[in-house]
Amino acid sequence: MTEQGLGDGRNGPHRTKNSEQLKSNYNERVLSIPSEPPLKSRIMVIDDNSDIGLTLRMGLEINDKTMQVDCYDNPVTALSEFRPDFYDLLLIDVNMPVMNGFELCQKLLQKDLNVRVCFMTAGEINIDAAKEVHPLKSIGCFIKKPISADALVKRIRAELE
């Protein structure tokens, strides 16, 4: 044992090799530890048709693992449960009962001026006229429904950049 440098307190040839191997193994383990997961983009979808909301949520979350989506089918509930400085983007249907998307947006922006907004509609809309009637600075885009999941993800990513 003494010749191999084990157990006698001396640095024999195997002692040096073993400590180099330990350092190498340690470095490999440290480098292979997964880094922090990417930050999630938090998106609030408000559409009075719960099936559409669910479809949008699934399309976004399945096609982009960095997106976390909360869905609401009632604008009043969405307004009451909205948390300032939490969401990165609001995806709001224009035509809803009780409160249309523009009215909801104005109320949500009173709670959080920095959140980005995209409106969705299946109907025809004059975007310039809508911006005149509702001069909301946070309007990022108008999305025509129906839209494919891939196209929606691309559009949302572009708005979040």
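Laboratory data are not the source of any read-out in this text; all were calculated from the coordinates shown. In this text the structure is predicted, and so the values were computed from the model without any measurement. As a convention, Cβ positions derive from the backbone with ideal geometry for all residues, glycine included, and neighbour counts pool all protein chains shown.
Show me, for region 74-82, the HN-Hα J-couplings you get by feeding each phi into the Karplus relation (A = 6.51, B = -1.76, C = 1.60, θ = phi - 60°), rounded to Hz, glycine and proline as x.
9, x, 5, 5, 4, 5, 6, 9, 5
Using per-residue counts of other Cβ atoms within 10 Å, averaged over each peptide, order 69-75, 48-54 from highest down.
69-75, 48-54
Sort 99-106, 61-68 by packing, meaning the average of other beta carbons within 10 Å per residue, with the highest value first. All intermediate terms of the calculation are to be shown ahead of the outcome.
Values: 99-106: 18.6, 61-68: 15.6.
Top to bottom by mean Cβ count within 10 Å: 99-106, 61-68.
What shape does region 41-160 have by the C-alpha gyration tensor, where a ≥ b ≥ c are the square roots of the eigenvalues, rounded means a/c under 1.5, and otherwise prolate means a/b greater than b/c and oblate the rest?
Because its axes are fairly even, with a/c under 1.5, region 41-160 counts as rounded.
Can you list the residues, at least 5 places off or on another chain, whose amide H is less than 5 Å from the amide H of S41, using H built in the peptide plane?
Excluding prolines and chain starts, which carry no amide H, the hits are M67, Q68.
If R₀ is 22 angstrom, what is the calculated FRET efficiency for the pair I147 and S50, using the beta carbon separation as r and rounding to 0.05?
The formula returns an efficiency of 0.80 here.
Using θ = phi - 60° and the Karplus form 6.51 cos²θ - 1.76 cosθ + 1.60, what ³J(HN,Hα) does each residue of region 102-113 get, whole Hz, x for Gly and Pro?
5, 5, 4, 4, 4, 5, 5, 5, 5, 8, 8, 6
Using a basic spin-label model with each label point 7 Å from the Cα along Cα→Cβ, how many nm lie between N114 and L39?
Spacing of the two 7 Å Cα→Cβ label points: 0.9 nm.
Please list, by residue number, everything in region 45-63 whose backbone N is under 15 Å from a paramagnetic label point 7 Å out along Cα→Cβ of E103.
Zone members listed by number: 48.
How far apart, in nanometres, would the label points at F86 and A122 be if each is projected 7 angstrom from Cα along the Cα-to-Cβ direction?
Placing both labels 7 Å along Cα→Cβ, they lie 2.9 nm apart.
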